Each structure stands twice: as structure tokens, then as C-alpha cells.
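Data first, discussion second: the structure below is written as C-alpha cells.
What follows draws every value from the coordinates through simple rules; no lab data is involved. Note that the structure is predicted; figures quoted are calculated from it, not measured. So basically every Cβ, Gly included, is an ideal-geometry build from the backbone, and we count neighbours across all protein chains shown.
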Amino acid sequence: MTVATDVREAAPPATPAAAARGPVVCHCRDLTVELGSSEGPRRVLEGITADLREGELVSILGRSGTGKTTLLRVLGGLVDPAPGSQVGFRGQPLDGPPEEAAFVFQDYTASLLPWRTVEKNVALGLEGKASKGEIRRRVADALETVGLAERARDYPWRLSGGMQQRVQLARGLAMDARVLLMDEPFGALDAMTKASLQDELQRVHQQRKPTIAFVTHDVDEAVYLSDRILVLGGSPATIVRDIPVELPRPRDQLATKELPQFHRLRRIVFDEIRAHHG
Amino acid sequence: MAREHGAKRRPGGTGRVNIPGLSTMAALVGLWELAVRSATVELEFLPAPSGIAGAVATLVATGELFPPLLHTLRAALVGWVAAGALGIGLGVVLGLSRPAWRYSMASIEVVRAIPPVSLVPVALLLFGFSLRMELLVIVYAGAWTVLVSTVEGVRNLRPELADVGRMLRMSKATAVRKLVLPSAMPSIVVGLRLALSLSLVLAVVAEMVGNPRGLGNALIRAQQALQPEQTFAYVVTIGLLGVVLNAGLRRMSARALPALAAGRGELA
């Protein structure tokens, strides 16, 4: 347990109750982010303090333009925070994208390599890091998990949007990423595909227990998938509420969404978003 | 899936014979033949297509055609390969490095504006009547074209792909090999194709002016010997060489980039 103690020393828990759960994977303290714009630097996020714990599925929710994506990119080491902010991964200060983390970007078409087949795309993160046989095994395994084993040799642009997004997910799984950073991954998909991918993600989460940060602006999606919802609001944005979602798992598109608890949570989240919009 | 069908077409479109296109060509040649025979066009040294065909046949039969043809082909190809290597190499550096671009942009803009043909006398002055002089002009002309299209292709790397590279902690070299070059490839291929046409043009010009070998030189000699059929025969040969080179490159690029050719339609 010494490791957990160390982690806690480096990053005191954001809320006392949270300490009861798994070790902290990602943390930020007093996070401020400024992005360059045509009128000089613009403050996007301010005073954000949050923890992501091992195996948790946390949604980052807010209206579009609030800085959800920026927060995710900071956690993944793609954007540098302003001086004075603390961002860390497993207790260590963050220095570039951490080894264990994989992004699933919103624009699946632009994020896959069109000149590579599906299996070669999934293998991308493993090349040079594992033997040929090991890569083949892990790629096949990841494609099996997302139900694309039969399309391994196709080019991504031959697949539907939902399938392309599965390829991106498989790329992260093949790397054996313990942390998935997902940026509105299902935002561009139709309702049916979205629902089936939500269930797919839920299954992957149950099976492999990765820590997932999931950016979305869809309230129902956030409540349905998450263990916890961080609601972003204001400008510059901050976390206006941290809502635990204690719905039973596995969740079901119909049964879960009919639970009174689901409706109550949905209500709370909606009110929160509305309250912080001028 | 509509694309399934498109992808099955032969890449490059060289598989089918274009009957209407060929018949237009045949009609034009027939008209020319008729004009010369009926003496509607009165130019002393304008041969009929049948005469040109005869001259080509003779040049082939005597073997006289092949040494200049091979020389020009070799010069154009060697120059093109060198121009490609130079252009891609420098293009990647200038495309990736802002400072390198800022320092060299002004010089590039000025030097690039010089028509390569005007360099023929300069090269002649420097290297005399030689293959080196010919190659210099070809490489010079082609390298700019490839360089500019490479810089453009490298610059247009989608930010999403750059993010993928960063998330996977790729080294600069790996990112260039796995992301930058493949995604710049369609643009580079366009530059390479332009450079190939240019290299043939400049090979012929250089041979006309400064290298006593090759098709350009044979063409000038036939003209000075007042042999219109032969002169035209060399022109036709140069034209055919251009067509063959271009078709060859189309084939090659379609084979090398099957995904892109099928995914984005025709390559340029």
C-alpha cells in the first residue's frame, strides 16, 4: 500500500469521499489554461481541481465551446497548462503524453491513416515496441473485442463511421492503454450507431477496466455511461459540479433509462448546465 | 457501397481503349494527309503523315533512331530521379522547419522565377557540350517543382494526424516516415509528374543547343539537312516518348498508392 500512500501525498484527493475508491490516475490542481487567439491569449479554463481514479469512467460534460476538449487534451499531455497549474499522471508531474494513455478523437476519418488497412492502423501504436507475433496477436485481439475481426484487411474509408470509430478504439486497446481519453467519440454518429457503440464501450470497460475520461455534450449519454460526471460551466470554465452516478451495472439502453434515478440525475445535470449559462 | 465498384476499375485508366478519341485522331491525320496531297496547303517542307510514317519506319529499320532515343530517355530519367530525390529531401526539411523556410523563402521565390530554359546557355558556359550540362538543366527544372509540391504536402498534414503522432510519442524521424511522407504523397506525386514532363522538355532543349547527342540534337540535324520527313519523325518520337513516360508514371503511382488512388479518385 506504500504506492497508494505516495500517490496521495503527491496529489491530495479532491474530495474526502473520493479517497475511499481506487488510486488516482490523473489529477489536476488549480488548473488554468490559456489558448492563443487572434486577440492574444484567452483564458479557457480556470481553477480546475479534479481526480480520475483507476477504472473509473468519468464524463466531462458542458455546452460546446466551454473547454471540455481542452481539459481532455491537457490531461493527455497535448496542451500545456498555464504556469502555476499542477497536472499529473500517477502522481508524477505530466511531461508530454503519458505512455499508458490513448486518445480516441472525435474526427475518426481524420485520425485514421487512410493509406493503412484497419489492422495496420490498429498496429500503429505497437510498432517498434513489441515483436511481430505479439503485435499480430494484440491487433487481432483488439479487433475481436470491437467486433471488426472480419474487416482487418479493409481500408478504413471503406467502413461506416461507427466502424471507423471502433478502429480508433481498437488502436487504443491494442496498445493496452490503461487510460482512454475520448473526445466526443460518438458525437458525429447517428442515434442507432451511437447507442450500440455506447454499449460496446460499456462492455470494453467492464472487461478491461481502463480508466476513461469521456468528453460529451450529450446529457443522456453522460448519465448512461458514467460513474461520475464533471460538469463544466462558466467562462473561463471551471468544474461547477461533480456528480456521482450510482446506477446499477451493466446498464441497458431501455431498462436503465426508465429508472427514476436516471431521470433524477438527468434533471440535476440539465439544471446545472442551464444555471451556468448566461 | 458505391465505392466498391469504383475501386475495381483499373488504376490509371490505361486498361480500356478510347475508341472515340482514337477516331478523332485518325480523322485529323487523314485531313492533314488530304490537305498535303491535294496541295491545299502550300508549304514547301510540310510532309504528309504517310511520309513521316515512312521516315519513322526507316529510322527504326536502320537503327538510327535508337542511340538518340536511348540517350534522351536516360538523361530525362536520371535527371528526373535526381530532381525527385533533391526536391523531396529539401521539401521535407523546408516543410517541417519554420526557420529553414523563413531564411530560404525569399531566395527560393526569386530563383524559382527564372525560366529553366534560360539556364541552358549558362550551363553550356559552365560545363561545355556535355551530358553534365544537360543533366544540370533537367535537375534544376524538376527539383523546384518537386520541392514546392513536397513543401505543400508536408505543410498540409492534418492536425489530427499530428496529434496521433504525439499521442503515440513518435520520434520526429518516425513521424516523418509514418505520417508526414505518406500523407504528403499525393501532392508529391503531382510534383513528380510535372517534373517528368519538364525533364523531357529540357532534355530536348539542352540537346538542341548544347549536347551533340540525343533526340533534340538529331532533330536539329535533320532540320538543317532539310529533311522534313525525318524532322517530323523525331518530333513524333519525342511526343510518343512523353506519352509513354507519363503513362508509366501513372501506372507506377497507382500501384504504389492503391489506397489513395481508389480512396480519393484519380491522382491529380
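Points to keep in mind about this one:
- Region A:172-278: chymotrypsin sites (Phe, Trp or Tyr not before Pro) in DSSP coil with no more than 10 other Cβ atoms inside 10 Å: none
- Phi to ³J(HN,Hα) by Karplus 6.51 cos²θ - 1.76 cosθ + 1.60 over region B:231-246, Hz, x for Gly, Pro: 4, 5, 4, 5, 4, 4, 4, 4, x, 5, 4, x, 4, 5, 4, 5
- Listed by Cβ neighbour count within 10 Å, with the fewest neighbours leading, A:56, A:144, A:258, A:46 appear as A:258, A:144, A:46, A:56.
- Cα pair count fraction exceeding 28 Å, expressed as % - region B:66-256: 35
- Ordered by the count of other Cβ atoms within 10 Å of each Cβ, fewest first, A:60, A:229 give A:229, A:60.
- Rounded to 10°, Cα long-axis angle of helix B:49-62 versus longest principal axis of chain B: 80
- Dipole of chain A [Lys/Arg +1, Asp/Glu -1 at C-beta], most positive-end residue of A:145, A:31, A:48: A:145
- Which listed pairs, of A:132/B:172; A:68/A:209; A:194/B:172, have C-alpha distances above 28 Å, in listed order: A:194/B:172
- For residue A:30, nonlocal amide neighbours, meaning residues 5 or more places apart or on other chains whose placed amide H falls under 5 Å from its own, are A:48, A:49.
- Averaged over the residues of peptide B:167-173, the number of Cβ atoms from other protein chains lying within 10 Å of each residue's Cβ is 6.
- Chain A - share of DSSP beta bridges that are antiparallel (%, nearest 5): 55
- Residues whose placed amide H lies under 5 Å from that of residue A:53, excluding near-sequence neighbours: A:25
- Placing unit charges on the Cβ atoms of the charged side chains and taking the dipole of region A:63-181 about its Cα centre, the candidate lying farthest along the positive direction among A:78, A:115, A:98 is A:115.
- Antiparallel content of DSSP bridges confined to the protein assembly as shown, in %, to 5: 55
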